[in-house]
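Notes to accompany the following structure.
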Amino acid sequence: MVVLKASITGGNRKIKSSAFLPVFLLLCVHSISICAGVNEGTLIIGIGRNFYEGPESATFLHGSTRTWEALVDLDSDFRPVPWLAQSWSHNRDYTEWKFTLRKNVRFHNGDLLTADHVIANIKRLKLNPKYDPLDRYGIVEKLYALDDLNILFLLKRSCLNFPQLISYYGSPILHPGGWDAEGKIKRFIATGPYRLVEVRKIWEESIVLERNDRYWGRIPPYARVIFRSIPDPHARLNALLAGTIDAILDVGGILPHQKKVLIRSPGIAVKTSRVATTHYLIPNNRAYPFSNEKFRRWFASSVDRELVVETIMEGHGRVAYDPYSDLNCRWSFSSVSFRAVPFPEEEVLPQIDKPVLILLHAGTVQRWPYREIAEYVASILRSKGLKTEIFVAEKALYFALLKDGSYNLTIMPFTLMTGDPCLFYSAFLYSKGIRNTGWKCPCVDMLIDRANATKSVSEKRVIYRNLQKLIATHALIIPLFHEETLYAYRKSSGAIGMDALFRPFYEEGA
C-alpha cells in the first residue's frame, strides 16, 4: 500500500494584503488582485503557531508544510505504510530490519536519494539527543548501506513495532549537505512536494513554499503555499473572513465558539477532522497536594469530562477513555475511568498553605479554551476551600517551571505520532521519561521495557491494558478528551482537507 500524498485540484487565487490596512481597503485590493489574476496558484493558510522549527531541530520546518518526508508514514488506522521506503522486512527475532527505498526520488537540489543519505540522517538523530528527545534510535546497534537503495538496521533487542517507532517525525530525511558538523541545518533541502523559498519575519511570520515540480509522487495543485503565523485566534478568524488568508488549517486553529461565525459566512466551508491529539490534566505528583494519591483520586473523579467536552469544547471532542488517541483501535481499551472517592479533608487541608498553581502555556491558550478549562478545574478545588492561582507563562518559562516542578497542575496536548503507544508510556510513566511528573515505580518500568521488547502482539496488548488500568487506579494523569478539530477554507480555493496528524491535503477525500 502506498501512502497518500498531496493531491490535485484547482482553484482561483488571490493576493495577500497587508494586515495593517483598513478592512475596506483590504477588500478593494483583494478584489482587484482577483480580477488581475495576480498570484494565481497561491494558497495562504493561517495557523495559530509557528511552523518554523529552526536550524537546531530535527526537521527545520513542521511536517504540516509537506516539505520533508520520512521513511515510513501511518495510514488512517495508524498502521505503518510506505513513504520514502517502499518496503521493509525483518528477521524472526525482529532484531534485523531491512528497508528498501523508492527509486528515482530526488531532493529539491536534484540529487537522487540513496541509502547513504538515509544513514547520515539516522546518525544525525542518534548522535544529537535534542533531535531525538524520545531516543527512538537508542536501540540501534549498527546500520549499513547494503547498496544504493537498501539499509540494514541491527538492533540491540527485539522491536516488533520498529516501523511505527520511526514513522513520520521518527525518520525525517534531509540532504546531508544542508547541515554542519554539529548537525545544525544551514540549508533546508528535502524531498517533499513543496520546497522552501523563504521564512519571512515581517509582521506575522510566514513560511513561503513553492511546488516541487520534480516530485516523485502526485504533484500538488498550488504553485505556491504560504503558512502565515497568526497567534491571536480572533485575528486568525478575521483574516479568513476578510479574505487575507484562504484557510485556517491546523490543530487548534479555530476555537469552538468561532464555528457559529464561520458557518454564517457564505463562501466559507467549515469542516471537522478527528485528529490524534489528546488533551490532559497533568498533576505534579512530586508536590503537595497531588503527591497525595487519595487527593489525586478524588480530584480525577470530580472532573466531569463530559461537561468539558459538551460545554467548553461545544461537542468538538470525545471523552478520553484511552490515555492516547483512540483512532488506533488496535491499542484502544477504553479503560481509563475514575471511581468516585471522598475528599480526604483531614489529610489535605492542614498541609496546604498556599494556592494550588494551575500552569498554562501561553501558546496553547491561543489555540484551545484552556483558560476556561482551568477556571472550571479551579472551581472544583475552591469548592473544598482550596485557594487557586492560574498562571499563563510564555514558552521558555513554562517549560522551565515544568522542569523545576514549580506548579501543581497543568493542561497540555499530546499527539500520538506513532502507530504504537510505546513512546507515550515511555514519556509519561517511565521513571526517566521526559514527561514523568514524579510518580516512579520499578515494576512499571519493567512492564514498559517488556512491552517494548516483546515479540508477541497479544502480550503487548495485555501490558498496555494493565498500564491503562494503572493510570486510572492511581490517577497519574487525567486524559480529558480526544480532539475533533475545526478547520475552514474559502470555497473558491478548491477542496482542502486535513489528516489525523493534521497535515493538509489538497483534494478532500484523497
Item to check | Leading residue by the ranking (nearest to the chain's Cα centre (by Cα)) among those in the stretch 184-204 that are modelled with pLDDT under 95 and in a loop (DSSP other than H, G, I, E, B) | outcome: Glu204
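In the stretch 86-113, how many are of a type in the set (A, V, I, L, M, F, W, C) and either free of Cβ contacts under 8 Å to residues at least 40 places away in the same chain or in contact with an Asp or Glu (Cβ under 6 Å, 6 or more places away or on another chain) (or both)? Quick ask: steps written out before the conclusion?
Our first condition is that a residue be of a type in the set (A, V, I, L, M, F, W, C); within the stretch 86-113, this holds for 88, 97, 99, 101, 105, 107, 112-113.
This time we only want the ones that are either free of Cβ contacts under 8 Å to residues at least 40 places away in the same chain or in contact with an Asp or Glu (Cβ under 6 Å, 6 or more places away or on another chain) (or both), so: 112.
Number of matching residues: 1.
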Next on the checklist: Quick check on the stretch 273-300: of everything there that is touching a strand residue (DSSP E or B) at 6+ places or on another chain (Cβ under 6 Å) and among the polar types (S, T, N, Q), which residue is farthest from Ala488 (Cα to Cα)?
Outcome noted: Thr278
Next on the checklist: Taking the conditions exactly as written (closer than 25 Å to Ile47 by Cα and out of contact with any Ser or Thr (no Cβ under 9 Å at 6 or more places or on another chain)), does Ile189 satisfy them or not?
Outcome noted: yes
Item to check | Residues satisfying the stated conditions in the stretch 53-92, i.e. over 25 Å from Leu127 (Cβ atoms) and aromatic (Phe, Trp, Tyr) | outcome: Phe78
Checklist entry - If a residue has to be out of contact with any Asp or Glu (no Cβ under 9 Å at 6 or more places or on another chain), assigned to a loop (DSSP other than H, G, I, E, B) and surrounded by 15 or more Cβ atoms within 10 Å (Cβ to Cβ) to count, how many in the stretch 114-133 make the cut? => result 1
Checklist entry - Got a sec? Which helices (runs of 4 or more DSSP H) wholly within the stretch 356-461 have at least 1 residues that are under 20 Å from Phe299 (Cβ atoms)? => result 370-382, 395-404, 422-428
Item to check | Filter result for the condition that a residue is small (Gly, Ala, Ser) and at pLDDT 95 or above, over Ala510, Ala475, Ala427, Ala495 | outcome: Ala475
Checklist entry - If you go through the stretch 54-85 one residue at a time, how many are at pLDDT below 95 and either within 16 Å of the chain's Cα centre (by Cα) or outside any loop (DSSP other than H, G, I, E, B) (or both)? => result 3
Next on the checklist: Name the single residue that is surrounded by the most Cβ atoms within 10 Å (Cβ to Cβ) among those in the stretch 341-362 being under 19 Å from Lys294 (Cβ atoms) and at pLDDT 90 or above.
Outcome noted: Val356
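Residue by residue, here is whether (1) of a type in the set (S, T, N, Q); (2) under 25 Å from the mean Cα position of the chain (by Cα); (3) closer than 25 Å to Gln164 by Cβ holds:
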| site | (1), (2), (3) |
| --- | --- |
| Gly438 | no, yes, no |
| Val444 | no, no, yes |
| Lys460 | no, yes, yes |
| His474 | no, no, no |
| Phe481 | no, yes, yes |
| Lys491 | no, no, no |
| Ala500 | no, yes, yes |
| Arg503 | no, yes, yes |
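Test of understanding: among Ile248, Ile263, which residue is β-branched (Val, Ile, Thr) and touching a residue at least 12 places away in the same chain (Cβ under 8 Å)? Steps first, please.
Values: Ile263 fails: touching a residue at least 12 places away in the same chain (Cβ under 8 Å).
Just a single option satisfies the conditions, and that option is Ile248.
Each row is one residue, and each column tells you yes or no for (1) more than 17 Å from Pro283 (Cα to Cα); (2) within 19 Å of the chain's Cα centre (by Cα); (3) among the hydrophobic types (A, V, I, L, M, F, W, C); (4) not assigned by TED's automatic domain parsing to the domain that holds Gly315.
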{"position": "Tyr370", "(1), (2), (3), (4)": "no, yes, no, no"}
{"position": "Tyr376", "(1), (2), (3), (4)": "no, no, no, no"}
{"position": "Ser379", "(1), (2), (3), (4)": "no, no, no, no"}
{"position": "Glu389", "(1), (2), (3), (4)": "no, no, no, no"}
{"position": "Phe399", "(1), (2), (3), (4)": "no, yes, yes, no"}
Checklist entry - Taking the stretch 225-234, which residues are outside any strand (DSSP E or B), touching a residue at least 24 places away in the same chain (Cβ under 8 Å) and surrounded by fewer than 21 Cβ atoms within 10 Å (Cβ to Cβ)? => result Pro231, Asp232
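The values are calculated or read from the model by the stated rules, or taken from the named source; none is laboratory data. The model shown is predicted, which means the values in this text are computed figures rather than measured ones. So basically every Cβ, Gly included, is an ideal-geometry build from the backbone, and we count neighbours across all protein chains shown.
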